Amino acid sequence: MSGWVATRGELGRRQRDFDRDCARLLAEYEGRGGRIFCGRGCRACCTLTVDCSFGEALLVAEAVNEGLGRALDVYVERLRERLPKVADLKSYLRMQRRELGDCPFLDDEGACAVYETRPFACRALFSTRPAEWCGVDFGELPAIEKELFMASLDRTVVDFPTHYLAEPRELARALEGAGLLAMERVFGFSLAGNLPYLVWLEKHYALSQKCVEGDAAVTALLETEGLNLPFVLRLGKAPA
Ligand code: SF4
């Protein structure tokens, strides 16, 4: 497991550096008169699909206690029930928000129970609009309201068409990519996907140990156990 020890150590350092860089970016943005609306207790963005590398999911898995584990089981059961009816990525993202709802890692008070180890995708969301906009299902919004909202966004700072600050998200995507490359270097392949599902695979199938045996062993496990679900997993192979 020494490969994972090194990968996790590197990831922890990258997360700390990322938080420091984001604090600087936010201070610069606010110094130019911008405002970020995120605040303690706000969880409207925790209904969005969270995609991350398997290494990031491993850090979260270490923070999942018994109570969160039960919520995770319920989430994955509902996810697996619904996925066979999902035809494309857009429908998957919509189903996630409308039918699965909150992330299973929210605690009873609505705070992130895995805050210290949450993935880059969560760390990178800084809302330039009030929290209610983070909970809006744009597929249900009247066209005129959607147009007005889009027109109100400052495209020089947001990750358009979202209202989240662009620079942290760009940095997060680069770091996710670096994490996947690090996994390829160590194990010869990379794995990414839906955060709760990856954590569930680690909890129930010790997937990190299977990774040490290589991508063929991981694929065999997923296929044998019927776990290779569409949209929620991405297995990448390092070029030969
Ligand atoms: S991991 Fe934490 S911050 Fe990310 S969606 Fe879940 S509860 Fe929210």
Considering 177, 236, which residue is assigned to a strand (DSSP E or B), modelled with pLDDT under 95 and surrounded by fewer than 16 Cβ atoms within 10 Å (Cβ to Cβ)?
-> 236
Of residues in the range 124-173 being assigned to a helix (DSSP H, G or I), loosely packed, with under 12 Cβ neighbours inside 10 Å and not acidic (Asp, Glu), the one farthest from the ligand (Cβ to nearest atom) = 144
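The rows are residues; the columns are (1) over 15 Å from the mean Cα position of the chain (by Cα); (2) surrounded by fewer than 18 Cβ atoms within 10 Å (Cβ to Cβ); (3) without any contact (Cβ under 8 Å) to a residue 60 or more places away in the chain.
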position	(1), (2), (3)
13	yes, yes, yes
24	yes, yes, yes
29	yes, no, no
46	no, no, no
52	no, no, no
56	no, no, no
70	yes, yes, yes
74	yes, yes, yes
78	yes, yes, yes
Which number in (1) over 25 Å from residue 27 (Cα atoms); (2) in contact (Cβ under 8 Å) with a residue 60 or more places away in the chain; (3) within 16 Å of the ligand (Cβ to nearest atom); (4) part of a helix (DSSP H, G or I) marks the one condition that residue 121 misses?
-> (1)
Taking the range 85-108 as the region of interest, how many residues are modelled with pLDDT of 90 or more, more than 8 Å from the ligand (Cβ to nearest atom) and in a loop (DSSP other than H, G, I, E, B)?
-> 4
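The values are calculated or read from the model by the stated rules, or taken from the named source; none is laboratory data. Remember, predicted model here, so these are calculated numbers, not experimental data. Here Cβ is always computed from backbone atoms with ideal geometry, including for glycine, and neighbour counts include all displayed protein chains.
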